[in-house]
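I have placed the structure first, in the form of structure tokens, so that the comments after it can refer back to it.
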Amino acid sequence: MQLSGGASDALMTTDAMIVLKDISKTYKVGPSTVRAVEKVDLEIPRGQMVSIVGHSGSGKTTLLSLIGGLTKPSDGRVIIDDINIWTLSDKEMSQLRNEKIGFSFQFASLFPTLNAIDNVRLPATFGSKNESDHDRAIELLNLVGLEDRIYSYPGQLSGGEQRRVALARTLMNKPRLILADEPTGDLDEDTEADILEIFRTINGEGVTIVIVTHSRAVASQAQRMLRMHRGLLSEEEE
């Protein structure tokens, strides 16, 4: 099945993987209105690694959810790979996320009853990939340095190892866009460095990456740094 919705609404002026046009997200909390994201315009070229830095509550995680189609904007358009995603049906949206986007969250959220390789293979069960998902999963576990933990269960893995399994799972369907929310949070320095090196390797293969973090040290690893403050997005000076 081909994704058809929204192609005519895409902005074709640049070779962009992500285009946000006047995006806002507001929530009602009792009688109050919370403006989590306020009139954001953003364009990210294919193959760029971008970081979004900001304090807790600044709106950066909400913005990432908007980009990934997990949260619907109150206003504006979200265009991913030339597709205006909120013109898609629910089925098409799920297909887009499965085929084009890899999500890396702060918590591994592995299935405790599945071993490492089966946790990594899980996204392939929802896709239509022709290659051997078993071989692909082994390749990815080797990439993240867990070639000797392939058949270990989450309860047998450290927190850092679980995070590596989750990252391998993110890469299972060869996404062209990775959205990472605090991917190194609560990790020791060595594991953090290893995870960032994996991101740089993947980015070197042409994958677009957006990393949300509160850590300026992590954010500085990206080619471009943005700052989120009270729902507003701005370019961060070097």
Charge context of Gly76, other residues only, Cβ under 11 angstrom, K/R +1, D/E -1: +1
Quick one: length gained pulling Asp22 to Arg35 fully straight, 0.36 nm per residue minus the C-alpha distance? 3.3 nm
Which log10 I(q)/I(0) values, to two decimals, does the stretch 74-180 give at q = 0.16, 0.20 Å⁻¹ under the Debye formula with one point per Cα? -0.71, -0.99
Which residues make up the longest stretch of the chain clear of chymotrypsin sites (Phe, Trp or Tyr not before Pro) that lie in a DSSP loop with no more than 15 other Cβ atoms within 10 Å, not counting the sites? 1-106
Principal-axis tilt of helix 189-204 within the chain, Cα atoms, nearest 10 degrees: 70
Sorted by Cβ density within 10 Å, fewest first, the residues Thr26, Thr201: Thr201, Thr26
Of all DSSP beta bridges in the chain, antiparallel share, percent nearest 5: 55
Using just the alpha carbons, could you tell me how many Å³ per residue the convex hull of the stretch 161-238 encloses? 103
I need the Debye-formula profile for the stretch 109-238: one equal scatterer per C-alpha, no solvent, reported as log10 I(q)/I(0) at q = 0.09, 0.14 1/Å, two decimals. -0.28, -0.65
With runs of 4+ DSSP H residues as the only contributors, calculate the mean residue ellipticity of the chain at 222 nm using -39,500 (n - 2.57) per run, divided by the residue total and rounded to the nearest 500. -8500 deg cm²/dmol
Can you give me the pair-distance distribution of the stretch 45-120, C-alpha pairs, 5 Å bins, whole percents? 3, 12, 19, 21, 19, 15, 9, 3, 0
Would you mind checking the tilt of helix 159-170 against the longest principal axis of the Cα atoms of the chain, expressed as 0 to 90 degrees and rounded to 10? 70
For a quick check, take a GNM of the chain with Cα springs below 10 Å and name the residue from Leu141, Leu187, Leu122 with the largest mean-square fluctuation. Leu187
Please report the relative contact order for the chain, taking Cα pairs under 8 Å with a sequence separation of at least 6, and give it as a percent rounded to a whole number. 29
Please report the net charge: other residues with Cβ closer than 14 Å to the Cβ of Asp15, K and R +1, D and E -1. -1
Within a Cβ distance under 12 Å of Ser109, other residues only, what is the Lys/Arg minus Asp/Glu net charge? +1
Can you tell which of Pro73, Pro175, Pro112 shows the greatest fluctuation in a Gaussian network model of the chain with Cα springs below 10 Å? Pro112
Along Cα→Cβ, 7 Å out, is where each label goes; now give me the distance between the ones at His214 and Ile150 in nm to one decimal. 3.9
For the chain, evaluate the Debye formula with one uniform point scatterer on each Cα (no solvent term) and list log10 I(q)/I(0) at q = 0.13 Å⁻¹, rounded to two decimals. -0.80
Show me the three semi-axes of the equivalent ellipsoid for the stretch 138-204, from the C-alpha gyration tensor (sqrt of 5 times each eigenvalue), largest first, rounded to whole Å. 18, 15, 11
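All of the numbers you see were taken from the coordinates with simple rules; none came from a lab. Computed from a predicted structure; not experimentally measured. All Cβ positions, glycine included, derive from the backbone under ideal geometry; neighbour counts span all protein chains shown.
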